[in-house]
Amino acid sequence: MRTSLFASIALLAGTIFLVGCGDAPSSNPKATTAAPAAKLPEGLILSAAPAGAVSIKDAMKNAKAGDTIVIRGRIGGSKEETFLPDRAVFTIVDEALPTCDQNPADSCPQPWDYCCEPKDKLAENTASIRVNDPATGKTLKQPLKGQAKLSELNTVVVQGKVDERPSPNALTVIATGIFVEKEVQRKGK
């Protein structure tokens, strides 16, 4: 019993020592360390775009809770919350809305945040994409950024079901399939 206790304490001390030898934590409270890629639901990442994709603007007008839908958009819409750091959730913006880097007068370092657009116009053209655990129906507790080429400014086609719509400018799609249609190589970050 005593040997087992000492072995447990030694193991705990070794673990603390190893953790303590890493880099100092970031001073940014929203910064997250890269988590290992968790397993996504089978069939979520598609090898071809599903047919019949509509714009986010059109989906905002016509989609009802429970509808099966296919939408196309560009990953973005926020500086810090485009991808949630601890949940399988991200936002996409209608391709008709230009990113800040498409405006020659703008030198925005994060063009996917659409800071050059009025907030009400951005809200009318943004949809949330959520990935649920097929077994529980709850949002997966894992980040999606960087998995399967999911990154800011990339264009995706998403198929899924429309979640409850608390307002006409709120559109959340529970994704059952995601296809990365266009990858954008960004300068800098």
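The values are calculated or read from the model by the stated rules, or taken from the named source; none is laboratory data. Everything numeric in this text was worked out from a predicted model, so none of it was measured. Glycine also receives a Cβ, built like all others from the backbone with ideal geometry; neighbour counts cover every protein chain displayed. The protein model used for the area step is the full one, side chains on, heavy atoms only, and it has no ligands, DNA or RNA in it. Shrake-Rupley method; radii C 1.70, N 1.55, O 1.52, S 1.80 Å.
Any residue at all in the stretch 150-158 that's at pLDDT 90 or above and open to solvent by 20 Å² or more (accessible area, probe 1.4 Å)? The answer is yes, given that some residue of the stretch 150-158 is at pLDDT 90 or above and open to solvent by 20 Å² or more (accessible area, probe 1.4 Å). Within the stretch 169-189, the residues that satisfy the criterion of being part of a loop (DSSP other than H, G, I, E, B) and modelled with pLDDT of 90 or more are ALA170, LEU171, GLU183. Of all residues in the stretch 107-132 being in a loop (DSSP other than H, G, I, E, B) and open to solvent by less than 50 Å² (accessible area, probe 1.4 Å), which is nearest to GLY73 (Cα to Cα)? Among residues in the stretch 107-132 that are in a loop (DSSP other than H, G, I, E, B) and open to solvent by less than 50 Å² (accessible area, probe 1.4 Å), the one nearest to GLY73 (Cα to Cα) is ASN125.
Does GLU164 satisfy being open to solvent by 20 Å² or more (accessible area, probe 1.4 Å), farther than 14 Å from ILE56 by Cα, of a type in the set (Asp, Glu) and in contact (Cβ under 8 Å) with a residue 12 or more places away in the chain? The answer is yes for GLU164. Any residue at all in the stretch 45-62 that's touching a helix residue (DSSP H, G or I) at 6+ places or on another chain (Cβ under 8 Å) and assigned to a loop (DSSP other than H, G, I, E, B)? No, every residue in the stretch 45-62 fails to be touching a helix residue (DSSP H, G or I) at 6+ places or on another chain (Cβ under 8 Å) and assigned to a loop (DSSP other than H, G, I, E, B).
Within the set ASP94, ASP101, ASP86, the sole residue that is touching a Lys or Arg at 6+ places or on another chain (Cβ under 7 Å) and under 22 Å from LYS182 (Cβ atoms) turns out to be ASP94.
When the residues of the stretch 74-83 are filtered to those that are in a loop (DSSP other than H, G, I, E, B) and surrounded by 20 or more Cβ atoms within 10 Å (Cβ to Cβ), the one that is farthest from the chain's Cα centre (by Cα) is GLY77.
Go through (1) in contact with an Asp or Glu (Cβ under 7 Å, 6 or more places away or on another chain); (2) within 19 Å of ALA59 (Cα to Cα); (3) open to solvent by less than 50 Å² (accessible area, probe 1.4 Å) and name the single condition ASN169 misses. It is condition (3) that ASN169 fails. Of all the numbered requirements in (1) modelled with pLDDT of 85 or more; (2) within 15 Å of ASN154 (Cβ to Cβ); (3) open to solvent by 80 Å² or more (accessible area, probe 1.4 Å), ALA96 misses one, and that requirement is (2).
Using the structure shown, decide if ALA88 is surrounded by fewer than 16 Cβ atoms within 10 Å (Cβ to Cβ), closer than 26 Å to PRO134 by Cα and either hydrophobic (A, V, I, L, M, F, W, C) or touching a His at 6+ places or on another chain (Cβ under 6 Å) (or both). Answer is no for this residue.
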